[in-house]
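Take a look at the structure set out below.
The values are calculated or read from the model by the stated rules, or taken from the named source; none is laboratory data. Note that this is a predicted model, so its numbers are computed, not measured. Neighbour counts are summed over all protein chains in view; Cβ atoms, including those assigned to glycine, are modelled from backbone coordinates with ideal geometry. Protein only, heavy atoms only, side chains kept; ligands, DNA and RNA dropped before computing areas. Shrake-Rupley method; radii C 1.70, N 1.55, O 1.52, S 1.80 Å.
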Amino acid sequence: MLYQSPVSPGRSWYEDTAGSRPEYPALDGDRQCDVVIVGGGFTGLSAAAHLAKAGSNVVLIEAHRFGDGASGRNGGQLGTGQRAWAEEMEAEYGLSRAKALFDLAEEAKAHLLEFAAVNRIEIDYMPGQLSVAHKQRYVDDYKAHAEIMASRFGYPHISFMDAKEAAERLGSTRYFGGTRDTGTGHIHPLKLVIGTAKAAAGAGAQLFERTPATGIVCGGGKVRVTTPKGTITAEKCLIGVNAYGGTLEPVSAAHIMPIGSFIGATVPLGSASTVLPGGESVDDSRFVVRYFRKSKDGRLLFGGREVYAVNDPKDIHIHIRRQIAELYPELKDVEITHGWGGYVGITVPRKPFVREVMPNVISVGGYSGHGVMLSNFFGKLYAETVLGNRDRLKLIEDLKVPPFPGGRRFRAPLLFLALSWFALRDRI
Ligand SMILES: Cc1cc2nc3c(=O)[nH]c(=O)nc-3n(C[C@H](O)[C@H](O)[C@H](O)COP(=O)(O)OP(=O)(O)OC[C@H]3O[C@@H](n4cnc5c(N)ncnc54)[C@H](O)[C@@H]3O)c2cc1C
């Protein structure tokens, strides 16, 4: 089957504010190397940077431009821990394993900030995250979560907010309370993509854009990745295509499903605005989560995952403005300057997917909307694996991630039905 991959819609505000974005050539000719990496998002670029720094001969190919998948176009929120709350992981795996997974995610957060500092990448880091309840019935969960994080997971940075504090910090009375996390923050993701690519190239990785992998085969102890104008032969291969893999590799495709997520950027709101005076980012308790934050220049970047299909970026403006107005009625006519989207790679249990899908070919993705810090770190863990220590990537590999039910024909419609049900539940 011909390789097809989704293309992200709309021009992002990040593209207009990232500064210079060096172009890399398309591959023309054959290459031999130690490791071939397919996919130029955070996972692939981070792996390339860490491997090249350790002396490996690395070739990375990206179908479009680096960051054109999710990595250069997301909400920029780092979050804390894994996608599921630590106490949910504890209920499933017991305290000690849940704590190990939480600590790994804390290391991922530290790794991202340290990597940016060491490589002098300005990522516009702004501290603080508010997680808020859109229904009264969730407030007690947030209260318990703050206590559990401090008492059982040794994380003292989360505090409970009642409705009054939430309203002050959000500049909106639409939420019923939640938590404030001062140990995390948000970033300009495309700046991190560009900086990571430069770090990888500077360390000697061979980077190619506009070079789609059209097939991956193993034989004679080697991996061969074909592209329109050349074949790369390597000892090992990382598949870091996440939600954008299309028909490239069937096992990853069966486990990671793309769902659209859309963001709108407003004009700068000005110093008189009461929206998010503390500069934190926000995510809410909806299953179809809403996430938003102010940019360094005072715009509201507002995102919502959605189940509808968006064909025209102008539709994004309309939907996002409507969602903004629900929280901030004073912004009902606000000008949206940018509307864009991307695909989040989700898995059935909302846990990352790591698997050796063919001999010496490891696929990493499925961060389920929590990949900004994890994907960068999993790139490093993949590099550790190649260099001889698989233990830490194994912690994630051992999480049980089943394929989506329904096979190739029915899994997309089944997911659509499930998401529609959850979207309905968010409203009742
Ligand atoms: C709109 C949006 C908002 C989000 N917000 C957040 C957030 O606030 N916080 C958070 O933690 N996470 C968020 N995420 C998720 C996060 O962005 C991802 O988890 C993360 O970027 C995944 O990185 P990746 O490198 O694995 O995948 P991607 O960045 O998607 O990279 C995969 C790359 O592979 C390339 N590719 C695909 N097929 C081929 C092929 N055959 N050959 C060559 N290249 C190929 C694609 O073009 C793409 O560039 C969001 C995602 C979206 C879309």
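Within segment 185-193, does at least one residue satisfy the condition of being within 13 Å of L60 (Cβ to Cβ), open to solvent by less than 10 Å² (accessible area, probe 1.4 Å), of a type in the set (A, V, I, L, M) and touching a Lys or Arg at 6+ places or on another chain (Cβ under 6 Å)?
Initially, segment 185-193 is screened for residues within 13 Å of L60 (Cβ to Cβ), giving 193.
Narrowing further to those that are open to solvent by less than 10 Å² (accessible area, probe 1.4 Å): 193.
Among the residues that remain, those that are also of a type in the set (A, V, I, L, M) are: 193.
This time we only want the ones that are touching a Lys or Arg at 6+ places or on another chain (Cβ under 6 Å), so: none.
The answer is no; no qualifying residue exists.
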Can you tell me how many residues in segment 1-28 are open to solvent by less than 10 Å² (accessible area, probe 1.4 Å) and not in a loop (DSSP other than H, G, I, E, B)?
1
Condition test on K143, is it assigned to a helix (DSSP H, G or I), within 14 Å of the ligand (Cβ to nearest atom) and either over 23 Å from the mean Cα position of the chain (by Cα) or within 30 Å of R299 (Cβ to Cβ) (or both)?
no
Would you please list the contacts, defined by Cβ atoms under 8 Å and residues six or more apart or on different chains, that run from a residue in segment 152-177 that is more than 20 Å from E88 (Cβ to Cβ) to a residue that is aromatic (F, W, Y) and in a loop (DSSP other than H, G, I, E, B)?
A163/Y175; A163/F176; A166/Y175; A166/F176; A167/Y175; G171/Y328; S172/Y328
Got a sec? Which strands (runs of 3 or more DSSP E) wholly within segment 284-387 have at least 3 residues that are touching a Leu at 6+ places or on another chain (Cβ under 7 Å) and farther than 26 Å from K53 by Cβ?
290-294
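If you scan segment 147-171, which residues turn out to be open to solvent by 70 Å² or more (accessible area, probe 1.4 Å) and part of a helix (DSSP H, G or I)? Walk me through it before giving the result.
Filtering segment 147-171 for residues open to solvent by 70 Å² or more (accessible area, probe 1.4 Å) gives 147, 151-152, 156-157, 162, 164, 168.
Hits for segment 147-171 are E147, S151, R152, K164, E168.
Go through segment 29-83 and report how many residues are of a type outside the set (K, R) and in a loop (DSSP other than H, G, I, E, B). Show your work before the answer.
Within segment 29-83, the subset of a type outside the set (K, R) is 29-30, 32-52, 54-64, 66-72, 74-82.
Subsequent filtering for residues that are in a loop (DSSP other than H, G, I, E, B) retains 29-30, 39-41, 54-57, 62-64, 66-72, 74-76, 78-82.
Of the residues in segment 29-83, 27 are of a type outside the set (K, R) and in a loop (DSSP other than H, G, I, E, B).
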Picked from segment 285-300 (must be open to solvent by 30 Å² or more (accessible area, probe 1.4 Å) and farther than 23 Å from G177 by Cβ), the residue farthest from the ligand (Cβ to nearest atom) is D297
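Can you name the residue in segment 31-81 that is among the polar types (S, T, N, Q) and touching an Asp or Glu at 6+ places or on another chain (Cβ under 8 Å) and is also nearest to the ligand (Cβ to nearest atom) among such residues? Break it down stepwise before answering.
Quick first cut of segment 31-81, residues among the polar types (S, T, N, Q) only: 32, 43, 46, 56-57, 71, 74, 77, 80.
After this cut, where a residue has to be touching an Asp or Glu at 6+ places or on another chain (Cβ under 8 Å) as well, the list is 56-57, 77, 80.
On the way: S56: 19, N57: 19, Q77: 4, T80: 11 Å.
Only one residue fits best here, namely Q77.
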Name the residues in segment 268-284 that are touching a residue at least 40 places away in the same chain (Cβ under 8 Å), open to solvent by 40 Å² or more (accessible area, probe 1.4 Å) and farther than 21 Å from S71 by Cα, would you?
T274, P277, G278
